[in-house]
1. Kindly indicate the residue of the range 225-234 that is in a loop (DSSP other than H, G, I, E, B) and within 23 Å of the chain's Cα centre (by Cα) and also surrounded by the most Cβ atoms within 10 Å (Cβ to Cβ) among those meeting that condition.
2. Restricting attention to the range 12-49, which residues are crowded, with 16+ Cβ neighbours inside 10 Å, touching a Gly at 6+ places or on another chain (Cβ under 8 Å) and of a type outside the set (D, E, K, R)?
3. Considering only residues that are closer than 14 Å to residue 8 by Cα, in a helix (DSSP H, G or I) and under 27 Å from the mean Cα position of the chain (by Cα), which ones fall in the range 126-152?
4. Count, please, the residues in the range 197-224 that happen to be surrounded by 20 or more Cβ atoms within 10 Å (Cβ to Cβ), aliphatic (A, V, I, L, M) and not in a helix (DSSP H, G or I).
5. Taking only the range 154-196 into account, find how many residues are assigned to a helix (DSSP H, G or I) and over 30 Å from residue 100 (Cβ atoms).
6. Among the residues of the range 106-125 satisfying the criterion of being in a helix (DSSP H, G or I) and among the polar types (S, T, N, Q), which is farthest from residue 193 (Cα to Cα)?
7. For the range 201-216, indicate whether the set of residues that are in contact (Cβ under 8 Å) with a residue 24 or more places away in the chain and at positive phi is non-empty.
8. Considering only the range 292-304, I want to know if a residue exists there that is under 21 Å from the mean Cα position of the chain (by Cα) and touching a residue at least 12 places away in the same chain (Cβ under 8 Å).
Amino acid sequence: MKAKKNVLLITYYWPPSGGAGVHRWLRFSKYFKENNCNLTVYCPENAAWPIIDHELSKRIPEDVQIIRRGIFEPHKYLSRKNNTGVGFTEKKKQSLIKKLIIWIRGNLFIPDSRVFWIKPSIRFLTNYLKEHPEIDTIISTGPPHSMHLIALGLKKRLELKWIADFRDPWTQIDFYDDLLPSKWADWKHKKLEAQCLKTADEVVTVSSSCATGLQEISERNIHVITNGYDFPEFDETTIQLDQKFTISHLGSMPFTRNPLVLWKALKILIEKSKVLKKDLSVELIGSVDYKVIESAKDCGVDEFITLREPVTHSQSIELQRKSQLLLLVANNSGNVKGILTGKFFEYLGAKRPILAIGEKHSDLDAVFQETQCGQFVAFDDVDTMVKSIEQLYVLYQKKILTQKAINLEQFNSKELAKKMIELI
């Protein structure tokens with residue numbers, strides 16, 4: 001039997017934080033003990049997380065040790081109306097103050113607004129790891145990429161194995177240019193990024209295209225371990241589906257995820273069919289950029305949209321399972337080919353048909369072909385969107401609108417956790 005491994009995970013997102021960033025490692029943590037690994041998690045205390053979900057705390061395995069340390073985050077002290085992040089949703093047009101805040105974020109807080117946690121964390125963890133020499137592997141997961149800089153500082157001081165997990169790119173992220181980096185700031189971001197990529201013993205990311213981008217920077221092999229899901233067994237016949245033809249999107253919808261091709265297709269379809277007009281309901285659950293709603297109004301379909309506040313993770317699963325159709329929209333941005341979000345895997349677990357909007361020949365397109373979990377439509381392909389919705393609506397009318405996905409075993413969190421532990 002192999003010797004037991006002891007691992008320290010450095011992460012910003014950990015319960016009671018909610019949102020997409022927490023689920024990858026919360027799921028992986030369930031399988032460390034059974035794979036002969038002890039896991040300790042280092043995370044902030046009382047951080048300015050955008051979403052709080054106390055229910056997630058109940059899912060932390062009892063055998064996982066947690067170290068929480070206070071964190072200073074300057075954006076925490078901004079007024080609420082200005083305390084939003086680049087790459088997220090805007091409730092209204094950006095003010096000059098908001099633009100200044102974004103410039104400060106991109107040029108002074110490098111790599112991100114958690115930069116003030118780096119040095120205190122390096123000092124604290126250096127002492128902690130010296131007192132716990134049994135821990136010989138550290139894992140940093142980002143964004144925020146300050147977590148990687150903490151690990152970089154520890155790697156320079158101690159003899160440790162370091163695995164850097166990039167859930168999203170750094171300078172190749174879709175909103176990087178929106179940070180308005182100066183030439184100096186751009187150089188600094190890219191220098192730190194390259195340092196992390198080249199110094200870590202192993203680098204992991206979530207999709208093949210993201211790996212290609214990181215390989216171009218680092219000139220090294222990048223491992224791909226996708227996000228995943230613990231596909232629960234449940235009796236679909238006991239679920240009371242929505243009576244209406246619901247198309248539901250769960251999670252934030254920034255303007256880069258504006259489903260314009262859907263709005264255009266629905267405009268055509270409701271003009272053709274009074275029956276669809278009566279049955280249609282589009283539910284957007286979570287924060288939605290004001291420009292998304294404006295584009296729906298321009299197409300005359302805003303009357304079919306219901307906006308709902310963010311919900312807990314358990315409520316989200318319940319809503320997914322009862323929706324007739326689940327809407328997944330990739331960011332229409334520079335790194336679109338590599339976007340393979342955790343939301344996609346949750347949708348698979350809900351066992352409802354998925355209507356996805358993205359770029360042809362992207363990683364998302366490929367996994368749709370492989371799993372046959374629904375319809376995939378290109379960003380500007382209105383004709384295909386019209387035909388797809390017509391087909392799905394006919395199935396809804398016949399009460400046979402279902403999802404029968406295949407080839408899901410590779411996305412099981414238990415198997416993906418084993419791949420991560422093999423790197424350890």
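The values are calculated or read from the model by the stated rules, or taken from the named source; none is laboratory data. Computed from a prediction, not measured in an experiment: that's the story for all the values here. All Cβ positions, glycine included, derive from the backbone under ideal geometry; neighbour counts span all protein chains shown.
1. In this case the residue turns out to be 228.
2. 12, 13, 20, 23, 44, 49
3. As a first pass, look at the range 126-152 and keep what is closer than 14 Å to residue 8 by Cα: 126-141, 147-148, 150-152.
Then keep just the ones that are in a helix (DSSP H, G or I); that gives 126-131, 147-148, 150-152.
If the condition is that a residue be closer than 14 Å to residue 8 by Cα, in a helix (DSSP H, G or I) and under 27 Å from the mean Cα position of the chain (by Cα), then 147, 148, 150, 151, 152 are the ones that fit.
4. 5
5. Let us first name the residues in the range 154-196 that are assigned to a helix (DSSP H, G or I), namely 154-157, 176-179, 183-196.
Next cut, over 30 Å from residue 100 (Cβ atoms) only: 154-157.
Selection size over the range 154-196: 4.
6. At the first step, the residues of the range 106-125 found to be in a helix (DSSP H, G or I) are 106-107, 115-125.
From what is left, the residues that are among the polar types (S, T, N, Q) are 107, 121.
Values: 107: 15, 121: 19 Å.
Only one residue tops the list, namely 121.
7. Checking the range 201-216: not a single residue is in contact (Cβ under 8 Å) with a residue 24 or more places away in the chain and at positive phi.
8. Restricting attention to the range 292-304, the residues satisfying the condition of being under 21 Å from the mean Cα position of the chain (by Cα) are 292.
Then drop every residue that is not touching a residue at least 12 places away in the same chain (Cβ under 8 Å), which leaves 292.
Yes, the range 292-304 has at least one match.
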